[in-house]
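Beneath this line is the structure, given in structure tokens, with notes to follow.
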Ligand SMILES: NC(=O)c1ccc[n+]([C@@H]2O[C@H](COP(=O)([O-])OP(=O)(O)OC[C@H]3O[C@@H](n4cnc5c(N)ncnc54)[C@H](O)[C@@H]3O)[C@@H](O)[C@H]2O)c1
């Protein structure tokens, strides 16, 4: 019989089941706040990260992306897809998994599901940004697009910003009914609306979170009044936007990483030198966020690799106290590091 794998062969793996246990053990709003703290901490040390726009592989139906980054000690990447037509055949639009590794040895130190974690980190990022940019005292959010991300967005906006009133709209009424059913009993004031125009009535924050592989116009300029924060997260691919360009001309636009957002965000509709402010600068105090109550602020959020890195760091830090992982025999680790073949040979006959 072949020897058992060495200690070094094992990598902690967080399955979907364990991620769900972790969320319930911590409490979803506490976890969203915790992830937002890690994201904020990493935005504060922005300059220590190795940054690159994500590597996207496009097809007619969607996109598959790799999102790498490193802080010099830890490396991370996420695999994520975006296939808007998937829901019609019972599949999700977005699925993901990710990894952290030790930069000094190259050995992975965590492998995790990230479909749930992406929804959590996207919502945590949106709410963190809204805490810096939304008008003071915002308590009402229009939620346009009521799919997989929407409940997470709502809970994060409440946990971080105090939003308690939600005005909901989706072209598919079944999505809104699902959102209402999931959030009822959780203390929100919920209104299902018959149009995007109706949904934004009285809202200080507008979240657009729709999925369509084309240029869409979820909001037109005449719909957006003064003193609004727009959290636009559904436009995140070349050829996939949600806002009329006139809104961009009237807003102060905030982004994660301009080289990626200019390819994927709402600002792909604008010239290369269209002015934007980087969120890390607002968070460190190097740039101004909201200047006055009447300003329209727009977060052109596409999702950046450091946010996934922060979320994975959060999960890794929780594993010691919760033990919510399995040890995965992921790395071939021979006793003699140069004798990989010998290790394979010694396992011969162990094919059962
Ligand atoms: N910025 C980020 O970091 C980030 C992260 C995750 C997902 N996303 C993007 O967010 C979007 C939503 O993701 P999801 O997982 O919730 O998708 P989903 O498919 O579960 O939900 C999208 C919803 O949008 C609705 N919709 C489509 N067109 C609409 C329109 N014109 N008006 C109103 N509603 C409309 C659909 O009916 C559906 O219910 C996707 O485009 C995804 O790529 C962005």
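On the beta carbon distance between residue 198 and residue 58, with R0 = 25 Å, the FRET formula returns roughly 0.15.
What list do you get for 78, 348, 51 if you sort them by fewest beta carbons within 10 Å?
348, 51, 78
Here the residues 71, 50, ranked from fewest to most Cβ neighbours within 10 Å of their Cβ, fall in the order 50, 71. Short version: what are the Cα gyration tensor semi-axes of region 114-155, square root of 5 times each eigenvalue, largest first, in whole Å? With the √(5λ) rule applied to region 114-155, the semi-axes are 20, 13, 6 Å.
Volume per residue of the convex hull around the Cα atoms, evaluated for the chain, comes out as 157 Å³. One way to sum up the overall shape of region 287-352 is the equivalent ellipsoid from its Cα gyration tensor, whose semi-axes run 50, 16, 11 Å, largest first. What the Cβ-Cβ distance of residue 50 and residue 292 gives, at R0 = 35 Å and to the nearest 0.05, is a FRET efficiency of 0.45. Per residue of the chain, the DSSP helices (runs of n ≥ 4 H) give a summed -39500 (n - 2.57) that works out to -10000 deg cm²/dmol at 222 nm. Pairwise Cα separations in region 33-134 fall into 10 Å bins from 0 onward with the following percentages, short to long: 14, 38, 36, 12, 1.
Highest mobility in the GNM of the chain, judged by mean-square fluctuation with C-alpha springs under 10 Å and restricted to 342, 303, 289, is found for 342.
Applying D = kT/(6 pi eta Rh) to region 218-313, where Rh is the Kirkwood radius over alpha-carbon pairs, T corresponds to 37 °C and eta to 0.692 mPa s, the Stokes-Einstein value obtained is 239 µm²/s.
Could you sort 252-258, 305-311 so that the peptide with the highest average Cβ count within 10 Å comes first and the rest follow in order?
Final packing ranking: 305-311, 252-258.
Computed over the chain, relative contact order equals 22 percent, with contacts defined as Cα pairs under 8 Å that lie 6+ residues apart. Across region 205-223, the residues whose backbone nitrogen lies under 13 Å from the label position 7 Å along the beta-carbon direction of residue 172 are 210-213.
Each Cα pair under 8 Å and six or more residues apart adds its sequence gap; the mean of these over the residue count of region 175-318 is a relative contact order of 23 percent. Scaled against 2.2 N^0.38 Å for its residue count N, the alpha carbon radius of gyration of region 123-304 is 0.94. Counting every other Cβ atom within 10 Å of each residue's Cβ, 65, 29 order from fewest to most as 29, 65.
Rule-based calculations on the coordinates, nothing more; no lab input. Since we're looking at a predicted model, the values are computed, not measured. Note that we place each Cβ from the backbone using ideal geometry, even for glycine, and neighbour counts take in every protein chain shown.
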